[in-house]
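A quick write-up on the structure given underneath.
The values are calculated or read from the model by the stated rules, or taken from the named source; none is laboratory data. Values in this document were obtained by computation on a predicted structure and should not be read as measured data. Cβ: placed from backbone, ideal geometry, glycine included. Neighbour counts: every protein chain shown.
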Amino acid sequence: MVAQVQGVVVSGVAGLVISVEVEVAQGLPSVGVIGLADAAVGESRWRVRSAIGNAGCRWPVARVTIGLSPADIPKHGTSLDLPIAVGVLLATEQIPKDCARDATFIGELGLDGALRPYRAALPAAIAAKLSGISRVYVAPGSARQVSVVPGVEVVVIRDLRQLVSVLRGEASGDAIPEADPIDPVAATLDMRDIRGHAHGRFALEVAAAGAHHLSLLGPPGVGKTMLAERLPTILPDLDEQTAIDVTSIHAVAGRLPLASGLVCRPPFQAPHHSASATALLGTVRGRHAIPGALTLAHGGVLFLDEAPEFSRPCLEGLRQPMESGTVRIMRATESVDLPARFQLVLAANPCPCGNGIGKGASCKCTAMAKRRYGERLSGPLRDRIDIRLEVLRPTMGELAGPVADSSLQIAGRVGGARARAAHRFSELPWSVNSQLPPGELRRKWAPDPGGCALLIEAERGGLSLRGADRVVRVAWTLADLCGVDLPSRDHIAMALGLRGADNGSKYD
């Protein structure tokens, strides 16, 4: 007899529905697994055999063949333990033949029959839902994450013995447990901690309101890292779909506790400057995609401190994801697209000694050393950064000034600006100003005549076409923060000021 059950494995950061076929036929007692199964999947036959015996059921004294379809796709992980066990029980008629219809089973089995949580249960459940499966059987540790998928009935199972009782209609599943709280890294940080740096605080607010990329240039110890670490505290909560995507990514990467709920706050990733391009961009190992820091920062902030110290492949690898929001990893036998819609924040010193800013009286670097240091960040990469800020040491008067607005107050203004942009783009496939395509930007979203005139003057002064587009995007964000319907000449001038000077040009 042949039985068929639906299971799920993870490919990249997404789930893939697998058809598990189990045949029990006459012949010498044996168990075979076919369909490009890795070692973990192949070893499931022994876990399943022990679990079935310890659950009070019988293992067939016959030839058992387990087929995994599609057969040409590699399968890895332990999520197929449970569907294999259900398939064997179906093939030996120990449970009703229709009990697995419109259902999938996700989880690893212990030798005693206990069901263990699967760290990628959320993307697995999403894939099942997209395939038309309406019921998912999972371990208690995975239930809270899976329960956020709309239209899916979650059945919580402790062990194989309970599952058999549930499938026979003799018992019911457990209640969905409460999720363990996720403590965001930025929970103890607040913009009130920053004294002085009024220009830097304003730049952060603009960057947060429009999801713009940002660079901070200043001497050591001036507060660049302090500013960057507080950017997530003024960003709005993730929308439902982005929260599900971010949670799936971090779950696949093993960055979340198994019993945690959704990640609702923007993530913050700050890799060390010694990180390799593989660690930053991700890789494919044994046909299994491993997310890098860019993908882990999806929906949040990627902070590169001491940016010129990163290797050239790391820095140049940022250029395409900054535009497209995805990282494409291509190998000889595999090509994977990973999400990477992040906000980039770069922090750098002005020169090797760090003192070559402002008057630079204490700088000891030669002109050639400064030039070589500055060239580590290429022109095309700098051109993709919307806001480029020089961070100077605050004066004693600024440090002694009154306490500025808190993160909660600034986040309120940021939320209002984003709401205006979302309303403006309500019938379009983007929601923040930084995502405006260049063609649409020049066709439908040009500033007023005074702003256009100033922009033309800036282009004559050396501003690139990409730079002009980014200036207009920032000007729209400034207009949203001011509550006006169209960027004016003043907004364009302010956006040009936030973009900063580069390569000796007045505007770019």
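Descriptive notes on the structure:
- Going through (1) over 24 Å from Val154 (Cα atoms); (2) at pLDDT below 95; (3) not basic (Lys, Arg) one by one, His76 falls short only on (1).
- Filter pass, Ala411 being assigned to a helix (DSSP H, G or I), among the small types (Gly, Ala, Ser), in contact with an Asp or Glu (Cβ under 7 Å, 6 or more places away or on another chain) and closer than 23 Å to Asp190 by Cβ: no
- Unmet criterion (only one of (1) in contact with an Asp or Glu (Cβ under 8 Å, 6 or more places away or on another chain); (2) not in a helix (DSSP H, G or I); (3) not aromatic (Phe, Trp, Tyr)) for Thr225: (2)
- Unique residue being within 29 Å of the chain's Cα centre (by Cα) and at pLDDT below 90 when the list is Leu428, Leu377, Leu381, Leu392: Leu428
- The residues of segment 17-37 that are out of contact with any helix residue (DSSP H, G or I) (no Cβ under 6 Å at 6 or more places or on another chain) and in contact (Cβ under 8 Å) with a residue 60 or more places away in the chain, listed by number, are Ile18, Glu21, Glu23.
- The condition (being over 30 Å from Gly292 (Cβ atoms) and either touching a residue at least 24 places away in the same chain (Cβ under 8 Å) or not in a loop (DSSP other than H, G, I, E, B) (or both)) is satisfied by just one residue among Met322, Met368: Met368.
- Residues of segment 135-160 that turn out to be more than 20 Å from Asp245 (Cα to Cα) and among the small types (Gly, Ala, Ser), as a count: 1
- Residue that is farthest from His76 (Cα to Cα), among those in segment 277-313 that are surrounded by 23 or more Cβ atoms within 10 Å (Cβ to Cβ) and more than 15 Å from the chain's Cα centre (by Cα): Ala307
- The number of residues in segment 101-118 being surrounded by fewer than 24 Cβ atoms within 10 Å (Cβ to Cβ) and in contact (Cβ under 8 Å) with a residue 12 or more places away in the chain comes to 9.
- Look at (1) surrounded by fewer than 19 Cβ atoms within 10 Å (Cβ to Cβ); (2) assigned to a strand (DSSP E or B); (3) touching a residue at least 60 places away in the same chain (Cβ under 8 Å) and you find that Glu93 fails only one, number (2).
- Failed item in (1) modelled with pLDDT of 95 or more; (2) out of contact with any helix residue (DSSP H, G or I) (no Cβ under 8 Å at 6 or more places or on another chain), with Val41 passing the rest: (1)
- Qualifying residue in segment 46-63 (condition: among the aromatic types (Phe, Trp, Tyr) and out of contact with any Gly (no Cβ under 8 Å at 6 or more places or on another chain)): yes
- Subset of segment 431-452 [part of a helix (DSSP H, G or I), within 27 Å of the chain's Cα centre (by Cα) and buried (at least 16 other Cβ atoms within 10 Å of the Cβ)]: Asn433, Ser434, Gln435, Leu441
- Members of segment 448-489 that are in contact with an Asp or Glu (Cβ under 8 Å, 6 or more places away or on another chain) and within 16 Å of Arg418 (Cβ to Cβ): Arg473, Val474, Ala479, Leu481
- Pairs where the first residue, in segment 419-437, is over 16 Å from Val474 (Cβ atoms) and touching a residue at least 24 places away in the same chain (Cβ under 8 Å) and the second is of a type in the set (Ser, Thr, Tyr) and surrounded by 13 or more Cβ atoms within 10 Å (Cβ to Cβ), C-beta under 6 Å, 6+ apart: none
- The single condition among (1) assigned to a loop (DSSP other than H, G, I, E, B); (2) without any contact (Cβ under 8 Å) to a residue 24 or more places away in the chain that Gly53 does not satisfy is (1).
- When residues in segment 464-486 are screened for being under 14 Å from Asp386 (Cβ atoms) and assigned to a loop (DSSP other than H, G, I, E, B), 1 of them pass.
- Restricting segment 487-502 to residues that are in contact with a helix residue (DSSP H, G or I) (Cβ under 7 Å, 6 or more places away or on another chain) and either of a type in the set (Lys, Arg) or outside any helix (DSSP H, G or I) (or both), the residue that is farthest from Ile410 (Cα to Cα): Asp502
- Residue list for segment 30-45, filter: in a loop (DSSP other than H, G, I, E, B) and closer than 11 Å to Ile66 by Cα: Gly35
- Matching residues, segment 371-405, being in contact (Cβ under 8 Å) with a residue 12 or more places away in the chain, part of a loop (DSSP other than H, G, I, E, B) and not hydrophobic (A, V, I, L, M, F, W, C): Arg376, Ser378, Arg384, Asp386, Arg393, Pro394, Thr395, Gly401, Asp405
- Counted residues, segment 5-49 - those being within 36 Å of the chain's Cα centre (by Cα), over 22 Å from Arg116 (Cα atoms) and surrounded by fewer than 16 Cβ atoms within 10 Å (Cβ to Cβ): 2
- Exactly one residue among Ala85, Ala125, Ala100 is modelled with pLDDT under 95, outside the structural domain of Ala289 (by TED's automatic domain parsing), touching a helix residue (DSSP H, G or I) at 6+ places or on another chain (Cβ under 8 Å) and not in a loop (DSSP other than H, G, I, E, B), and that residue is Ala125.
- Boolean, Leu455 is buried (at least 16 other Cβ atoms within 10 Å of the Cβ), aliphatic (A, V, I, L, M) and at pLDDT below 90: no
- Residues of segment 476-486 that are closer than 20 Å to Gly415 by Cβ and of a type outside the set (Asp, Glu): Trp476, Thr477, Leu478, Ala479, Leu481, Cys482, Gly483, Val484.
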